[in-house]
Structure formats: structure tokens, C-alpha cells
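Here the structure comes first, spelled out in C-alpha cells, and everything after it is commentary.
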Amino acid sequence: MGDAAPFDKRRRAAARRVPDPMTLETPPSPWIQRWIGLCRPGGTALDVAAGGGRHTLLLSAHGLAVSAVDRDAAALRARVAGCEPAVRVVEAELEAGAPWPFAGETFDAVVVANYLHRPLFPALLAAVAPGGAFLHETFMVGNERHGRPRNPDFLLRDGELLDVARAGGLSVVAYEALEVAMPRPAVVQRVAARRPAGA
């Protein structure tokens, strides 16, 4: 507990060095931007399948200490260099059957964008702390007419995110299933949900 103040001071200093996520070639998802207010500033966040780090940077700029996980973290590490300790990068192949790298940890926000691996749903939901937010957006059935992904294993079924969030004990704040034109034509499903504070 005695080390918390120096850590917070270093984290705030690192957050000031976070590159502006809105200047990236692929900016953060409008859905994640819209609902980031559900995430407690000064809290912790998990960015799953973080890719190039667009949401990692957004969450860090919002004042959260971010754990970002991806199977190939080289680009992510390069993008967030200098943001430590506000950003922790974890390289893990989430679909290989390896143990969940965040076992026993909870976060004030769990963010997933353009990624679906159904066996992870229990771990993702368990990682949402009481009062925490779950923001998930990815492709759904119908997207196959626009291109990849086409495989049903990587497309949500109608209402699936809504069902997953509710089954995980979360309170749904917002949900959408729709066709979008930007950044490219796609059919997506989105949920913004919270775990009740007393849960």
C-alpha cells in the first residue's frame, strides 16, 4: 500500500505521454468512444485482442491503467512505448488453449473490438469488476455479404452479445445490431454493459 502513491504519480506521468488515439490511421471505434464514460477514470482496463493499440491508447488517455493483450504484440509494444507503467502489454495466443493470462484479476473496464472467440466469454465476464464496464463490438451474421469474416465461428448470432452479457450477470446499458458503412461496410453487434456495484 505504501507504493501506491509513487505508482499513481508514475502512471499519471505516463498517461501524459500517450499518443492521441484520434490521429491513428484507424481511429478507435465510435462505439467504444461513445461508452468510454462508463469506465471509471483512474481505474484499470483490459483491451482484448488489442492489435495496433487504438483502444489501448484511448483507454490510457481516459486515465485508466491498461493491460493490453494480443497474440502478436510487437506493433502494440512499439505503439505504446514510453507509456509504461500506464500500459502493460501481454503477448498471448488466446485461442491456443493456454491458461487465461489474467486469472484472478478484475478490471474496471473490459474492451473487445472486432474479435470473437466464444470460449473466452466466461473469462471476459469474470474479469469485469463490480461496477465495471464491458464494451464489446464485433461482426455478426450478415457480414458475409460484405467480406471477411465470413466463417460463422467468427460471426455473432442475432442477439448473442445481449444474451452473453445478461447471462454473465451484467446490466445492459446499450445494445445495437446494425449495418454500418464506416470504416467499411459491415454488419456488427455491440453491447455496453455494467456489473452492478454490489455484485
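Nothing in this text is a laboratory measurement; each read-out follows from the coordinates by a stated rule. Source: prediction; values computed, not measured. Reconstructed Cβ throughout: ideal geometry from the backbone, glycine too, with neighbour counts over all protein chains shown.
Packing, as the average of other Cβ atoms within 10 Å across residues, places the peptides 144-150, 46-52 in the order 46-52, 144-150, highest first. Helix content alone sets the calculated 222 nm mean residue ellipticity of the chain: runs of n ≥ 4 DSSP H residues at -39500 (n - 2.57) each, divided across all residues, give -6500 deg cm²/dmol. The phi-based Karplus calculation (6.51 cos²θ - 1.76 cosθ + 1.60; θ = phi - 60°) puts the 3J(HN,Hα) values of the stretch 109-118 at 8, 10, 10, 9, 9, 6, 8, 8, 9, 3 Hz, whole numbers, x for Gly and Pro. Working note: Karplus 6.51/-1.76/1.60 with θ = phi - 60° gives the stretch 148-154 the couplings 7, x, 10, 5, x, 5, 10 Hz, where Gly and Pro are set to x. Karplus-derived 3J(HN,Hα) values for the stretch 30-41, using 6.51 cos²θ - 1.76 cosθ + 1.60 with θ = phi - 60°, are x, 5, 5, 4, 5, 9, 5, x, 6, 8, 5, x Hz; glycine and proline are entered as x. The relative contact order of the chain comes to 18 percent, based on Cα pairs under 8 Å that sit 6 or more residues apart. Cβ-Cβ distance of R118 and A181, R₀ of 25 Å, FRET efficiency by 1/(1 + (r/R0)^6): the value works out to about 0.35. On the beta carbon distance between D163 and E95, with R0 = 35 Å, the FRET formula returns roughly 0.95.
(i) 0.99; (ii) 1.14; (iii) 1.71: which one is Cα Rg over 2.2 N^0.38 Å as calculated from this entry? The value matching this structure is (i).
Beta bridges per DSSP, both residues in the chain: antiparallel share near 45 percent.
Between G131 and R195, A197, A199, the built amide H atoms are under 5 Å apart, and every one of these is 5 or more places off in sequence or on another chain. Be a star and scan the stretch 45-75 for residues whose amide nitrogen sits under 19 Å from the point 7 Å along the Cα-to-Cβ vector of Q33. Hits in the stretch 45-75 for Q33 at 19 Å: 51-64.
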